[in-house]
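Undergrad: Got a structure for you, written out below as structure tokens; questions coming shortly.
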Amino acid sequence: MAADIATGVRADGARRRRGRAVRLSNGDRVAMAFMVGIPVLVTGALIWFPTFASIGLSFTNWDGIGGLHTIHWDGTTNYRQIATIYPPFWPAFRHNLYWLAALAFIGTPLGMFLAYQLDKRIRFSRFYQSIFYIPVVIAPAIIGLISELILSPQQGLVSSLFADPRHGHVIDWLGNPQKALGAVLILACWRHASYVMIIYLAGLKALDPSLREAAAIDGASGTRTYFKVVLPALKPINIVLVVITVIEALRAFDIVYIINRGRNGLELLSVLITANIIGEASRIGYGSAIAVVLLTISLVPIIIFVWNSFQEEA
Amino acid sequence: MSDERPQSSDQEGLDRQVSRRTLLVSGATGAAALAGLSASGAAARGFASRALDSVSADSVTLASYEENAGIPALAADTKLFTKKYGIDVKTHTFAHGPFQEQINSYLQGHPDDVFTWFAGYRMQFFAAKGLATPIDDVWKVIAPQYAPAFKAAATGLDGHQYLVPTKNYPWAVHYRKSLWKEKGYTAPKTWAQFIALAKKMQADGLTPIALTDKDGWPPMGWFDIINMRMNGYQFHVRLMAGKLSWDTPQVKAVFNKWAELFPYYSEGILGLTWQDGAAQLENKQTGMFFLGSFLTGAMKPANAKDVDLFPFPIINPKWGQDSIDAPIDGNMLSKKPKNIDAAKKLVAFLGSAPALNAYLKINSGNLGTNKHTNTSAYTPLQRKGARLIASTKHIAQYMDRDTRPDFASTVMIPSLQSFISNPGSVDSLVKSIQKQKVAIFGS
């Protein structure tokens with residue numbers, strides 16, 4: 001009996017599958033092949049191939065000139081050298097972490113705070129909104145240029161206002177390796193906060209007002225309402241913010257590159273990759289090894305995120 | 001990177017625009033690298049190549065890194081060329097720094113027939129990689145127009161010629177005549193006099209010596225000259241070629257000697273560009289600026305006329321002042337020029353006296369390398385620079401042209417910057433340089 005039912009179910013399932021297959025016209029099949037095939041090809045060509053090529057190249061010594069036969073297998077030499085004798089590597093590694101910390105503990109909370117304030121329908125709300133959002137509209141490279149105008153020791157605003165560059169006394173935040181990162185992180189947070197603000201504001205606007213009204217009727221204070229009602233209700237947005245923050249911290253590049261090519265206290269993993277691969281130097285294997293390190297670091301938040309989102313779906 | 005052209009402040013905006021565009025390109029590549037896309041030397045190739053322009057039989061393409069006054073100066077040359085040979089020249093002007101950074105992929109992609117480049121190891125490196133066309137036949141014709149040193153500088157490791165030199169400039173200590181006259185300073189001959197003068201300037205409320213290092217390359221000139229003054233030219237050549245160790249007493253002595261100057265340098269060295277240094281000289285807030293003579297290009301013409309130079313002082317009498325950095329620029333043929341005859345005519349012409357005369361009239365921060373260059377049109381500063389180079393026994397090309405590009409850019413720039421922020425830690429610095437040198441040179 002049980003076997004009958006089982007076969008019955010199986011037969012039924014098989015029939016249904018066949019039935020569905022029959023209903024697919026040739027046109028549908030072509031369309032499906034395109035819809036699946038093109039993204040597979042694109043991700044394969046633009047993501048998976050370069051990723052594996054980088055991983056492969058990171059074990060080689062190559063100056064990027066000539067055919068594949070000029071690539072020499074080098075084992076783990078690049079990794080060993082990066083970790084032991086390449087002075088900019090560990091500072092770069094640390095700076096990426098500082099960057100992440102600054103965005104996570106200053107930039108993102110500041111953006112959320114601004115969004116929360118703007119959501120209160122204060123006067124000139126739209127005006128503030130535009131002002132706060134401008135840094136996102138400006139390209140990071142321009143932010144780098146602005147930083148020059150403000151912080152350049154010889155001609156910059158800060159130095160001219162608070163020191164005397166005409167007589168050789170300057171305020172040099174960008175040139176001082178101890179201060180440069182701080183100055184740049186302020187700029188990065190400024191930009192990041194406005195990005196976070198706009199996303200979070202959209203989330204707040206979409207929030208059902210009755211939730212807050214209910215909390216208010218129950219006598220909850222503003223802060224309490226925020227932490228007990230609003231914040232949990234916006235969980236999907238919060239996850240997006242976490243992801244954005246991590247991505248922004250790991251891909252940081254433009255601002256430091258335009259300021260001083262990411263040297264002298266502004267080293268980041270991304271600029272070390274560029275300096276080794278893109279420049280006249282062309283240490284392809286060496287740069288690839290740094291790229292693999294960055295990829296490995298990036299995988300940690302990505303895996304946590306993917307794991308989290310699949311868990312929620314299950 | 002020792003070869004930034006003169007820049008006037010009103011050109012700066014334009015300059016920055018250009019560098020922003022190239023930055024976006026590198027930014028995109030950087031982001032790609034993050035996604036694991038680092039294997040994409042090919043990505044940069046597309047940006048640098050200019051293959052889409054049509055090439056007819058009576059035209060030739062030229063890639064140039066000229067900036068500011070160099071652009072119209074070169075345009076005057078190509079116009080003369082077209083007039084003389086009836087061959088059209090299509091010039092593609094690239095931003096100076098990015099052109100150097102993308103040279104690898106540029107030369108492997110679809111390069112122009114002729115491209116501007118630098119003599120010395122930097123030329124030999126690409127010639128040895130088969131990315132340039134030998135032009136021995138051109139040299140058979142033009143050799144009498146050049147001093148032997150220029151031919152040597154144009155010759156690859158395989159003994160063939162690959163470059164026709166156009167211009168060079170000396171690295172020397174520059175100062176403003178009017179300021180020195182007012183304060184009664186005289187050019188120092190020895191290290192002790194140099195220090196004494198610096199002390200005097202400091203007492204007079206000046207920044208004695210300008211040093212700027214935001215660009216990364218200017219301190220290489222300081223290392224070069226102190227090294228050549230203390231250890232001689234051959235030591236410089238062998239050290240740059242990777243044949244000598246860096247953690248030796250000789251190299252440490254260079255850094256320690258250099259460290260004596262730090263009390264007299266500009267404030268905020270690592271945040272200043274060379275143009276900032278030129279401005280300090282122009283404003284008479286600094287007494288001396290050691291840089292290539294091209295620095296006058298960043299000044300107002302009236303002030304530029306007030307600039308004079310003296311060779312870097314003697315440290316070891318054994319060597320005296322027998323060496324100088326005087327980098328040579330020139331033109332090369334790419335691997336497979338589409339119009340090889342016209343290309344050869346063009347490289348020869350750009351190095352000829354008529355072309356140089358026309359060029360230097362517009363861009364006067366340089367000197368013509370051709371014997372027949374009209375020196376009577378030189379400014380006093382140019383004349384002095386030319387005399388200085390002619391009377392100096394050994395001409396070096398500058399650290400980033402005399403050594404491997406990867407060593408210069410990924411090891412020496414950060415190392416010299418770390419020396420500047422911490423001049424006291426010479427021992428650990430030279431050890432670190434040596435380890436990286438072994439990793440790059442393989443010995």
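The values are calculated or read from the model by the stated rules, or taken from the named source; none is laboratory data. Keep in mind it's a predicted model, so treat the numbers as computed, not measured. Note that we place each Cβ from the backbone using ideal geometry, even for glycine, and neighbour counts take in every protein chain shown.
Undergrad: Can you list residue pairs whose Cβ atoms sit under 6 Å apart, with the first residue in segment A:52-70 being under 22 Å from A:Arg80 (Cβ atoms) and the second being modelled with pLDDT under 80? Count only pairs 6 or more apart in sequence or on different chains.
TA: From segment A:52-70, the pairs are A:Ala53/B:Ala39; A:Ser54/B:Gly36; A:Ser54/B:Ser38; A:Ser54/B:Ala39; A:Leu57/B:Ala39; A:Gly64/B:Gly41.
Undergrad: Could you pull out every one of the helices (runs of 4 or more DSSP H) wholly within segment B:395-443 that has 1 or more residues that are of a type in the set (Asp, Glu) and out of contact with any Leu (no Cβ under 9 Å at 6 or more places or on another chain)?
TA: In segment B:395-443, B:399-402, B:426-441 are the helices (runs of 4 or more DSSP H) which contain 1 or more residues that are of a type in the set (Asp, Glu) and out of contact with any Leu (no Cβ under 9 Å at 6 or more places or on another chain).
Undergrad: For segment B:203-225, check the following and say yes or no: at least one residue is in contact with a Lys or Arg (Cβ under 7 Å, 6 or more places away or on another chain), assigned to a strand (DSSP E or B), under 28 Å from B:Ile362 (Cβ atoms) and touching a residue at least 24 places away in the same chain (Cβ under 8 Å).
TA: So far as segment B:203-225 goes, no, none of its residues is in contact with a Lys or Arg (Cβ under 7 Å, 6 or more places away or on another chain), assigned to a strand (DSSP E or B), under 28 Å from B:Ile362 (Cβ atoms) and touching a residue at least 24 places away in the same chain (Cβ under 8 Å).
Undergrad: Among the residues of segment A:52-73, which ones are at pLDDT below 90, more than 8 Å from every other protein chain (Cβ to nearest Cβ) and in a loop (DSSP other than H, G, I, E, B)?
TA: A:Trp62, A:Gly67, A:Ile71
Undergrad: Same structure again: Kindly indicate the residue of segment A:124-136 that is of a type in the set (A, V, I, L, M, F, W, C) and part of a helix (DSSP H, G or I) and also nearest to A:Val246 (Cα to Cα) among those meeting that condition.
TA: Within segment A:124-136, the match that is nearest to A:Val246 (Cα to Cα) is A:Val136.
Undergrad: Can we say B:Lys284 is among the basic types (Lys, Arg) and either crowded, with 24+ Cβ neighbours inside 10 Å or within 21 Å of B:Ser432 (Cβ to Cβ) (or both)?
TA: On the way: among the basic types (Lys, Arg): yes; either crowded, with 24+ Cβ neighbours inside 10 Å or within 21 Å of B:Ser432 (Cβ to Cβ) (or both): no.
No, not satisfied.
Undergrad: Same structure, new question: Given the residues B:Gly292, B:Gly268, B:Gly277, which is the only one that is crowded, with 24+ Cβ neighbours inside 10 Å and without any contact (Cβ under 8 Å) to a residue 24 or more places away in the chain?
TA: Result of the check over B:Gly292, B:Gly268, B:Gly277: B:Gly268.
Undergrad: With respect to A:Ala291, determine if the residue is in a helix (DSSP H, G or I) and within 8 Å of chain B (Cβ to nearest Cβ).
TA: yes
Undergrad: Identify, from the list A:Ala92, A:Ala102, the residue that is assigned to a helix (DSSP H, G or I), in contact with an Asp or Glu (Cβ under 6 Å, 6 or more places away or on another chain) and buried (at least 19 other Cβ atoms within 10 Å of the Cβ).
TA: Details: A:Ala102 fails: in contact with an Asp or Glu (Cβ under 6 Å, 6 or more places away or on another chain).
Checking each option against the conditions leaves just A:Ala92.
Undergrad: Name the single residue, out of those in segment B:123-182 being touching a Leu at 6+ places or on another chain (Cβ under 6 Å), within 30 Å of B:Phe290 (Cα to Cα) and of a type in the set (Gly, Ala, Ser), that is surrounded by the fewest Cβ atoms within 10 Å (Cβ to Cβ).
TA: Per the criteria, the residue is B:Ala172.
Undergrad: Given (1) touching a helix residue (DSSP H, G or I) at 6+ places or on another chain (Cβ under 6 Å); (2) surrounded by fewer than 19 Cβ atoms within 10 Å (Cβ to Cβ); (3) not in a helix (DSSP H, G or I), identify the lone condition not met by A:Arg121.
TA: (1) is the only condition that A:Arg121 fails.
Undergrad: Select from segment B:76-96 the residues that are among the small types (Gly, Ala, Ser) and closer than 16 Å to B:Ala348 by Cα and write down the one among them that is surrounded by the most Cβ atoms within 10 Å (Cβ to Cβ).
TA: In the first step, residues of segment B:76-96 are kept if they are among the small types (Gly, Ala, Ser); the result is B:76, B:86, B:95.
The next check asks that each one be closer than 16 Å to B:Ala348 by Cα; those that pass are B:76, B:86.
Values: B:Ala76: 17, B:Gly86: 8.
Within segment B:76-96, the match that is surrounded by the most Cβ atoms within 10 Å (Cβ to Cβ) is B:Ala76.
Condition check ((1) modelled with pLDDT of 95 or more; (2) over 26 Å from B:Asn363 (Cβ atoms); (3) charged (D, E, K, R)) across all residues:
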{"residue": "B:Leu131", "(1), (2), (3)": "no, yes, no"}
{"residue": "B:Lys151", "(1), (2), (3)": "no, no, yes"}
{"residue": "B:Gly159", "(1), (2), (3)": "no, yes, no"}
{"residue": "B:Val164", "(1), (2), (3)": "yes, no, no"}
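Undergrad: With the structure loaded, tell me whether A:Thr296 is under 20 Å from A:Ala188 (Cα atoms), polar (S, T, N, Q) and modelled with pLDDT of 85 or more or whether it fails that test.
TA: No, not satisfied.
Undergrad: Suppose the filter is without any contact (Cβ under 8 Å) to a residue 40 or more places away in the chain, more than 9 Å from chain B (Cβ to nearest Cβ) and hydroxyl-bearing (Ser, Thr, Tyr); does A:Thr76 pass it?
TA: Here the answer is yes, as A:Thr76 does meet what is asked.
Undergrad: In segment B:387-443, what residues are in contact with an Asp or Glu (Cβ under 8 Å, 6 or more places away or on another chain), within 9 Å of chain A (Cβ to nearest Cβ) and among the β-branched types (Val, Ile, Thr)?
TA: Within segment B:387-443, B:Ile420, B:Ile440 qualify.
Undergrad: State all residues of segment B:218-244 that are under 30 Å from A:Glu148 (Cβ atoms) and either surrounded by 22 or more Cβ atoms within 10 Å (Cβ to Cβ) or basic (Lys, Arg) (or both); if no residue qualifies, say none. Can you show your working first?
TA: Keep residues of segment B:218-244 that are under 30 Å from A:Glu148 (Cβ atoms), which gives B:218-225.
Answer for segment B:218-244, where residues must be under 30 Å from A:Glu148 (Cβ atoms) and either surrounded by 22 or more Cβ atoms within 10 Å (Cβ to Cβ) or basic (Lys, Arg) (or both): B:Pro218, B:Pro219, B:Met220, B:Gly221, B:Trp222, B:Asp224, B:Ile225.
Undergrad: Filter segment B:307-338 down to residues that are of a type in the set (D, E, K, R) and within 17 Å of B:Arg176 (Cβ to Cβ), then give me how many there are. Let's see the steps before the verdict.
TA: Here is the first cut: in segment B:307-338, the residues of a type in the set (D, E, K, R) are B:308, B:318, B:322, B:325, B:329, B:335-336, B:338.
Subsequent filtering for residues that are within 17 Å of B:Arg176 (Cβ to Cβ) retains B:308.
Residues meeting the conditions: 1.
Undergrad: Here's something else I'd like to know. Restricting segment B:191-243 to residues that are over 27 Å from A:His167 (Cβ atoms) and among the polar types (S, T, N, Q), which is nearest to the other protein chains (Cβ to nearest Cβ)?
TA: Per the stated criteria, the residue is B:Asn227.
Undergrad: Here's a follow-up. Looking at segment A:254-270, which of its residues are facing chain B (nearest Cβ under 7 Å) and at pLDDT 90 or above?
TA: A:Ser270
Undergrad: Another question, then. Against the conditions (1) of a type outside the set (Phe, Trp, Tyr); (2) part of a helix (DSSP H, G or I); (3) closer than 30 Å to B:Ile209 by Cβ, where does A:Pro87 fall short? Just the number, please.
TA: Going through the list (1) of a type outside the set (Phe, Trp, Tyr); (2) part of a helix (DSSP H, G or I); (3) closer than 30 Å to B:Ile209 by Cβ, A:Pro87 breaks only (2).
Undergrad: Of the residues in segment A:122-177, how many are within 13 Å of chain B (Cβ to nearest Cβ) and charged (D, E, K, R)?
TA: 4
Undergrad: Starting from residues that are within 20 Å of the chain's Cα centre (by Cα) and in a loop (DSSP other than H, G, I, E, B), keep the ones in segment B:256-306 and report whichever is farthest from B:Tyr169 (Cα to Cα).
TA: The selected residue is B:Leu272.
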